[in-house]
Amino acid sequence: MWNVDAHIANWLMLIRAEYLEIPGLPLTKLQVERLWELDAVTSDALLAALVDVKFLRRTVKDGYVRADGV
């Protein structure tokens, strides 16, 4: 189980880093899947986790952007 948790934590750190590196980055779920070669279930879980901690928010056009508006 620890390997799964570490794997998820690594993905969360990578996605956070990309959003911090590129201010204003708007990505759809499909773009997230393509960019990081993730399956739909994994991308759903990662995006939901980042929305839950208020790092990302969902836009009206189904994109994900930083919740702090940067």
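Values in this text are rule-based calculations from the coordinates and carry no lab data. Being a predicted model, the structure only gives us computed values, none of them experimental. A quick note on method: Cβ atoms are made from the backbone with ideal geometry, for glycine too, and the neighbour counts reach across all protein chains shown.
Among the numbered conditions (1) loosely packed, with under 10 Cβ neighbours inside 10 Å; (2) in contact with a Leu (Cβ under 8 Å, 6 or more places away or on another chain), the only one that Asp39 does not meet is (2).
Among the residues of region 29-70, those that are outside any helix (DSSP H, G or I) and basic (Lys, Arg) comprise Lys54, Arg57, Arg58, Lys61, Arg66.
For region 50-70, a tally of residues being aliphatic (A, V, I, L, M) and under 12 Å from Leu25 (Cβ atoms) returns 3. For region 32-42, how many residues meet the condition of being in contact with a strand residue (DSSP E or B) (Cβ under 9 Å, 6 or more places away or on another chain) and in contact (Cβ under 8 Å) with a residue 24 or more places away in the chain? Counting residues in region 32-42 that are in contact with a strand residue (DSSP E or B) (Cβ under 9 Å, 6 or more places away or on another chain) and in contact (Cβ under 8 Å) with a residue 24 or more places away in the chain gives 1. Of the residues making up region 1-36, those that are loosely packed, with under 11 Cβ neighbours inside 10 Å and within 20 Å of Val65 (Cβ to Cβ) number 4.
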